[in-house]
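Asks: I'd like to ask some things about the structure below.
The values are calculated or read from the model by the stated rules, or taken from the named source; none is laboratory data. Not measured: the values here are computed from a predicted model. Cβ sites come from the backbone with ideal geometry, for glycine too, and all protein chains shown count toward neighbours.
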C-alpha cells in the first residue's frame, strides 16, 4: 500500500487536521506512456510522482516543442495547479514519458492548506524558486551553447538516466526535447557520427565515445 506520509514531501509540516484532510482527498492515479497529464492551464491539483517520468513542455505558435522540466519519482509537480501560485501563469502541457503512477492532491485542498500553514506555503515557494533556477539554466543553454553541445548534453543525460549507451530515440524526439527541427537534429547527429562520438541507426543513437561526448556537452558558443 502506498504510504502518503512517505510520498508527500511536505507531509511533516502538516497538523492533524491537515493530514486528515489530505488522506481523505488524495487520489492515486496512473498515466500510460505518451498520455497528456495536463494542458491548457487546467488546475487539477499537485502531483507527487511515485514511479515513471513526466515532462513539462511548451509549444511555440509554429508548433515547435521544447522541454522545460522533467519530473522523476519522489518529486512534486506544481504545474498542474499553477492557479494556486500568485502571479504565475504558465502556458505549458505535461505528458507522461513513461508509464507513471502519482498521488494527486486536489487543488481545493492544497489551497486550503497553504492559506493556513506558513511552512507549506514557504515550501511551495522554495519549489517554485528551484524551478525558476532550472528555467534560467535552460535559457542560458539555449543562448550560450551550440546545438551540437546541447544534443551531446541531452544524450549524456539520457544515458545516465537509463544506465545504457544504446538509446532508443528518434531524431524527432530529440528535436522536440530541444525545441529544434528534425532535419537540423539529423544533420547534427550525422556530424557527431563522422566525429566518432555516436553511431546512428533507425530509432537508435548509440554513444560511441562517452568521454568526448561529455567534452562536447560542456562547450559554449564560440
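Asks: From (1) more than 13 Å from residue 105 (Cα to Cα); (2) touching a helix residue (DSSP H, G or I) at 6+ places or on another chain (Cβ under 8 Å); (3) free of Cβ contacts under 8 Å to residues at least 60 places away in the same chain, pick out the condition that doesn't hold for residue 48.
Replies: Going through the list (1) more than 13 Å from residue 105 (Cα to Cα); (2) touching a helix residue (DSSP H, G or I) at 6+ places or on another chain (Cβ under 8 Å); (3) free of Cβ contacts under 8 Å to residues at least 60 places away in the same chain, residue 48 breaks only (1).
Asks: Only residues that are in contact with a strand residue (DSSP E or B) (Cβ under 7 Å, 6 or more places away or on another chain), under 21 Å from residue 84 (Cα atoms) and surrounded by fewer than 18 Cβ atoms within 10 Å (Cβ to Cβ): list them for segment 37-54, please.
Replies: Of the residues in segment 37-54, the ones in contact with a strand residue (DSSP E or B) (Cβ under 7 Å, 6 or more places away or on another chain) are 37-39, 44-54.
Right, trim to under 21 Å from residue 84 (Cα atoms) and you get 37-39, 44-49, 54.
Passing the criteria: 39, 44.
Asks: Something else about it: Given the conditions (1) over 24 Å from residue 153 (Cα atoms); (2) at pLDDT 90 or above; (3) surrounded by fewer than 15 Cβ atoms within 10 Å (Cβ to Cβ), and given that residue 73 satisfies all but one, which numbered condition is not satisfied?
Replies: (1)
Asks: While we're looking at this one, here's another question. Has segment 5-21 got any residue that is touching a residue at least 60 places away in the same chain (Cβ under 8 Å) and closer than 30 Å to residue 180 by Cβ? Lay out the reasoning, then the answer.
Replies: From segment 5-21, those touching a residue at least 60 places away in the same chain (Cβ under 8 Å) are 7-10, 13-15, 18, 21; that's our starting set.
Pick out the ones that are also closer than 30 Å to residue 180 by Cβ and you get none.
Within segment 5-21 (the criterion being touching a residue at least 60 places away in the same chain (Cβ under 8 Å) and closer than 30 Å to residue 180 by Cβ), the answer is no, since none of the residues qualifies.
Residue-by-condition table, conditions (1) over 21 Å from the mean Cα position of the chain (by Cα); (2) in a strand (DSSP E or B); (3) surrounded by fewer than 16 Cβ atoms within 10 Å (Cβ to Cβ); (4) in the same structural domain as residue 57 (by TED's automatic domain parsing):
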| site | (1), (2), (3), (4) |
| --- | --- |
| 95 | no, yes, no, yes |
| 120 | yes, no, no, yes |
| 125 | no, no, yes, yes |
| 130 | no, no, yes, yes |
| 133 | no, no, yes, yes |
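Asks: Quick check on residue 113: is it more than 14 Å from residue 43 (Cβ to Cβ), crowded, with 18+ Cβ neighbours inside 10 Å and assigned by TED's automatic domain parsing to the domain that holds residue 11?
Replies: Values: more than 14 Å from residue 43 (Cβ to Cβ): yes; crowded, with 18+ Cβ neighbours inside 10 Å: yes; assigned by TED's automatic domain parsing to the domain that holds residue 11: yes.
Spelling it out, residue 113 is indeed more than 14 Å from residue 43 (Cβ to Cβ), crowded, with 18+ Cβ neighbours inside 10 Å and assigned by TED's automatic domain parsing to the domain that holds residue 11.
Asks: Here's something else I'd like to know. Is it true that some residue in segment 180-194 is loosely packed, with under 12 Cβ neighbours inside 10 Å, under 27 Å from residue 76 (Cα atoms) and not assigned by TED's automatic domain parsing to the domain that holds residue 70?
Replies: Scanning segment 180-194 turns up no residue that is loosely packed, with under 12 Cβ neighbours inside 10 Å, under 27 Å from residue 76 (Cα atoms) and not assigned by TED's automatic domain parsing to the domain that holds residue 70.
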